[in-house]
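Asks: The structure's right below; bear with me while I get my questions together.
Just so you know, all these numbers are worked out from the coordinates, no wet-lab data involved. Just so it is clear, the structure is predicted and the values come from calculations on it, not from any experiment. Using ideal geometry, Cβ is built from the backbone for each residue, glycine included, and neighbour counts are taken over all protein chains shown.
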Amino acid sequence: MFPKLIRMKYMPLFLFQIVLMMLFFVFTTYGGDTNHDQRGYEDTHVMIFIGFGFLMTFLKKYCYSALGFNWFLAALVVQWALLNQSFYSMKNNTIEITKKHLLEADIMSATVLITFGALLGYASGLQLLFIAIIETVVGCFNFWLVEHIFKAADVGGSIAIHAFGAYFGLGASLALNFKKKTVPSEGAPTVNLNGASYVSDVTAMIGSIFLWIYWPSFNSALTNSNMAYQRAVINTYLSLAAATVTTFAWSAAFCKEKGKFDMVHIQNSTLAGGVAVGSVCNMFIGPGGAIAIGIGSGIISVLGYTYVTPALEKIGIRDTCGVNNLHGMPAVFSGILSAGVAASATLQVYGTDLHGIFEAIAVDGSGRTAGEQGLYQFLALVSTIVVSSVGGVITGFIVRAPFFGQLKQNEEYDDEPNWELPGAH
């Protein structure tokens, strides 16, 4: 970054804000009373700005950046996503914004924040913000593919949100760390700050608990009937509870200090049940099935932190928050489950809810068969992984350009390059 321009490094983002304002003047209006009673918006809003933000404060010297960039990224993406999502369905070149649009934009911002978790601490602020702008475009396109081309049932966003965000982040990580040269600043010692302190782990637990409490609302927000809404809440809550019990038990079994709990597992793997049940939460999986999904996701997540994360690091993929273990692998688990559950769906079990959950299956027997729907569920998952991974890699290579201010080794996981810190002067 050129020293004389350092004060202006975030001005391109302000100019982008001005462009957004102009686009909103040209293309948007209010949507009247449509969706004024949309469920889940306020709860999802809390998850985005408190849940995700505080969950990422576990790094001992990166709390300002975790909270600040979370806020910055989400505020930018919500506006950008409102436009990108609605361009696919606008009428007469006009976007009529409703509360449902705000909810969907918040959900899309979750995708970017999942990616943020993979890159936390070693991507610069400009890199993160540019990645967010590109990812929103690609993510909205993928969401359109999942919803309108594959017509996949994914009410909790496990495929289009969690899998996409995780694998876009891992793709970007691979590109950012590809043959990366470590060039520490002259005269400054290289200190590894990629770790937690007692206090930072406690603040991260605030995020975990908020996410855990509000996840049933997140998964059920876009359901289209009262029966489906209630099933989604029940299934998500039971899956979360089972994942939590499983996480504590398996953490003690796999912690480096045998018989003790690993706070990384407790902060993250306890939430895996909410991801794993997302694609099937409104389906007839049964309360016992929801608990089984929670148990499976807890095991997958703990084993991921124990074995998969170290394996990824060996091939140059740094995953700071372990988003592959909390979002990626549980989302793949959910997508596969959705294919199986969809393939076995019958009118006798679902009744009038059949078409409401599986749009392409008509109650009168026309449209797709249940088996075909199951195949499309799986194809939506595979397509999402491919689109997100390739998009992440390409975007990661783009932001390696010098003017994005790639961090030096001793600047990583440290607030100092981005924040005026108390007592610094």
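Asks: Take each of the peptides 70-83, 399-412, 6-19, average the number of other beta-carbon atoms within 10 Å over its residues, and list them starting from the highest.
Replies: Values: 70-83: 21.6, 399-412: 17.2, 6-19: 11.6.
The peptides rank, most packed first, as 70-83, 399-412, 6-19.
Asks: Follow-up question, since we're still on this one. Testing the spin-label approximation: label points 7 Å from Cα along Cα→Cβ at K179 and L5. State their distance in nm.
Replies: 2.5 nm
Asks: Something else about it: Using only helices, what value at 222 nm comes out for the chain when you add -39,500 (n - 2.57) per DSSP H run of length 4 or more and divide by the total residues, to the nearest 500 deg cm²/dmol?
Replies: Working: 17 runs with 244 residues, N = 425.
After summing the helix terms and dividing by the residues of the chain, the value is -18500 deg cm²/dmol.
Asks: Label I336 and F14 with points 7 Å out from Cα along Cα→Cβ: what is the distance between them in nm?
Replies: Here the answer is 5.0 nm between the modelled labels.
Asks: For the stretch 80-86, in order, what is each residue's ³J(HN,Hα) by Karplus, 6.51 cos²θ - 1.76 cosθ + 1.60 with θ = phi - 60°, in whole Hz (x at glycine and Pro)?
Replies: Coupling constants for the stretch 80-86: 5, 5, 3, 6, 4, 5, 7 Hz.
Asks: Looking at the stretch 31-411, I'd like the Rg to Rh ratio, where Rg is from alpha-carbon atoms and Rh is Kirkwood's inverse mean 1/r.
Replies: Details: Rg = 20.2 Å, Rh = 20.8 Å.
That ratio equals 0.97.
Asks: A further question follows. Take the Cα of F24, step 7 Å along the line toward its Cβ, and report every residue of the stretch 75-89 whose backbone nitrogen sits under 16 Å from that point.
Replies: 75-87
Asks: Show me the ranking of peptides 249-262, 51-64, 153-166 by mean Cβ neighbours inside 10 Å, starting with the highest. Please list the in-between numbers first.
Replies: Values: 249-262: 13.8, 51-64: 23.4, 153-166: 29.6.
Order by mean packing, descending: 153-166, 51-64, 249-262.
Asks: Taking 0.36 nm per residue of separation and subtracting the Cα-Cα distance, what length does fully extending I398 through E372 add? Walk me through the numbers before you get to the answer.
Replies: Details: separation 26, 0.36 × 26 = 9.36 nm, distance 3.86 nm.
Stretched out fully, the I398 to E372 stretch lengthens by 5.5 nm.
Asks: Which of the aspartates and glutamates could be linked to K151 by a straight reach, that is with a Cα gap under 13 Å, when you skip same-chain ones fewer than 8 residues away?
Replies: E359, E372
Asks: Quick query: amide H of T28 versus all other amide H atoms, modeled in the peptide plane; which residues come in under 5 Å with a sequence gap of 5 or more or a different chain?
Replies: Hits under the 5 Å cutoff: I95.
Asks: Arrange the peptides 92-99, 120-127, 42-49 so that the one whose residues have, on average, the most other Cβ atoms within 10 Å appears first. Please report the intermediate quantities before stating the final value.
Replies: Numbers: 92-99: 14.8, 120-127: 22.4, 42-49: 20.1.
Packing proxy ranking, top to bottom: 120-127, 42-49, 92-99.
Asks: Place a +1 charge on the Cβ of each Lys and Arg in the stretch 31-411 and a -1 charge on the Cβ of each Asp and Glu, then give the dipole magnitude about the Cα centre in debye, rounded to the nearest 20. The partial results should precede the final answer.
Replies: Details: 19 positive and 21 negative charges, 215 e Å.
Dipole size: approximately 1040 debye.
Asks: Can you give me the distance in nm between label points at T34 and I315, each placed 7 Å from the Cα along the Cα-to-Cβ direction?
Replies: 4.5 nm
Asks: Moving on. One-quarter of the Cα convex hull surface for the stretch 187-343, in nm²? Can you show the working numbers first?
Replies: Working: hull surface 44.7 nm².
Average projection, Cα convex hull of the stretch 187-343: 11.2 nm².
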